[in-house]
Amino acid sequence: MSAPIRAGVLTVSDRGSRGESTDTSGPALCEILRSRLGAQIVLTGLVPDEQDRIVAVLREWSQPTAGIDLIVTTGGTGLSPRDVTPEAAMRVIDRPHPGLMELARLRCMAKTPRAFLSRGISGAAGRTLILTLPGSPRGASEHLEALLDLLPHAIETLRGEVQDDGRPGALPTTGKVIEHAD
């Protein structure tokens, strides 16, 4: 990866936004992003489970001028009537990528089938990848860890640094060539 991933971590929590609980999921995700991906955490935030507030932050952070490659949210992906993070994210995402969160749930299934209770989604808003993760520190961390092997390539691709061409011996025209063994 040419430049470090620039990331934003948004916690969605009614209780946290009212000061009734301490956010532990957001800091846990920041630590994983820093230590395992070498990411720079450029923005963090905490908002209540309100669609318009979530949308406003996601739109602001995904603007090209913000320079954020990856936005990770934690919270609001469950079945509670107040859990609206996926709906808010879909208002910002212009290219959904359901496979990423499907893979995260599948990889987390061995630890707990409850992974499938998360309605988390993913997709691109311009050149920013958005992942909506569960709200518990364990669920959020496990879902993010399940995708760590794919995130650098996904970010490079969104940045336009990759010419993903499986032809053996392909020459780069717009970025580096990724050769596929299969």
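The values are calculated or read from the model by the stated rules, or taken from the named source; none is laboratory data. These figures come from a predicted structure and were not determined experimentally. Ideal geometry is used to build each Cβ from the backbone, glycine not excepted, and the neighbour counts take in all protein chains shown.
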Give the residue, chosen from LEU100, LEU117, LEU70, LEU106, that is more than 14 Å from the chain's Cα centre (by Cα), aliphatic (A, V, I, L, M) and either at pLDDT 95 or above or more than 16 Å from LEU144 (Cα to Cα) (or both). LEU106
Of the residues that sit in segment 50-78 and are of a type in the set (A, V, I, L, M, F, W, C) and part of a helix (DSSP H, G or I), which one is farthest from ARG119 (Cα to Cα)? ALA66
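Give the residue that is farthest from LEU58 (Cα to Cα), with candidates limited to residues of segment 90-104 that are touching a residue at least 40 places away in the same chain (Cβ under 8 Å) and surrounded by 15 or more Cβ atoms within 10 Å (Cβ to Cβ). Reasoning before the result, please.
Initially, segment 90-104 is screened for residues touching a residue at least 40 places away in the same chain (Cβ under 8 Å), giving 91, 100-101, 103-104.
This time we only want the ones that are surrounded by 15 or more Cβ atoms within 10 Å (Cβ to Cβ), so: 100-101, 103-104.
On the way: LEU100: 18, MET101: 18, LEU103: 23, ALA104: 21 Å.
Among residues in segment 90-104 that are touching a residue at least 40 places away in the same chain (Cβ under 8 Å) and surrounded by 15 or more Cβ atoms within 10 Å (Cβ to Cβ), the one farthest from LEU58 (Cα to Cα) is LEU103.
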Tabulated pairs, segment 61-72, first surrounded by 13 or more Cβ atoms within 10 Å (Cβ to Cβ), second part of a helix (DSSP H, G or I), C-beta under 6 angstrom, 6+ apart or interchain: ILE68/TRP61; ASP69/ILE155; ILE71/TRP61; VAL72/LEU29
Output the number of the condition that ALA124 fails; it satisfies all remaining conditions of (1) modelled with pLDDT of 95 or more; (2) surrounded by 20 or more Cβ atoms within 10 Å (Cβ to Cβ); (3) not in a loop (DSSP other than H, G, I, E, B). (2)
Of those in segment 35-49 that are in a helix (DSSP H, G or I) and more than 14 Å from the chain's Cα centre (by Cα), the residue surrounded by the fewest Cβ atoms within 10 Å (Cβ to Cβ) is SER35
If you go through segment 143-157, how many residues are part of a helix (DSSP H, G or I) and surrounded by fewer than 21 Cβ atoms within 10 Å (Cβ to Cβ)? 6
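Does segment 101-118 contain any residue that is of a type in the set (Asp, Glu) and in contact with a strand residue (DSSP E or B) (Cβ under 6 Å, 6 or more places away or on another chain)? Spell out how you get there, then give the answer.
Step one: list which residues in segment 101-118 are of a type in the set (Asp, Glu), which gives 102.
Narrowing the set further to residues that are in contact with a strand residue (DSSP E or B) (Cβ under 6 Å, 6 or more places away or on another chain) leaves none.
No, because not a single residue in segment 101-118 is of a type in the set (Asp, Glu) and in contact with a strand residue (DSSP E or B) (Cβ under 6 Å, 6 or more places away or on another chain).
So, of the residues in segment 79-89 that are among the charged types (D, E, K, R) and either modelled with pLDDT under 95 or assigned to a loop (DSSP other than H, G, I, E, B) (or both), which turns out to be surrounded by the most Cβ atoms within 10 Å (Cβ to Cβ)? Explain how you work it out, then say what you get.
Filtering segment 79-89 down to residues among the charged types (D, E, K, R) leaves 82-83, 87.
With either modelled with pLDDT under 95 or assigned to a loop (DSSP other than H, G, I, E, B) (or both) added as a condition, the list becomes 82-83.
On the way: ARG82: 14, ASP83: 18.
Across segment 79-89, the extreme among qualifying residues is ASP83.
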Which of the residues belonging to segment 2-33 are surrounded by 15 or more Cβ atoms within 10 Å (Cβ to Cβ) and either aliphatic (A, V, I, L, M) or out of contact with any helix residue (DSSP H, G or I) (no Cβ under 9 Å at 6 or more places or on another chain) (or both)? ILE5, ALA7, VAL9, LEU10, VAL12, ASP14, ALA28, LEU29, CYS30, ILE32, LEU33
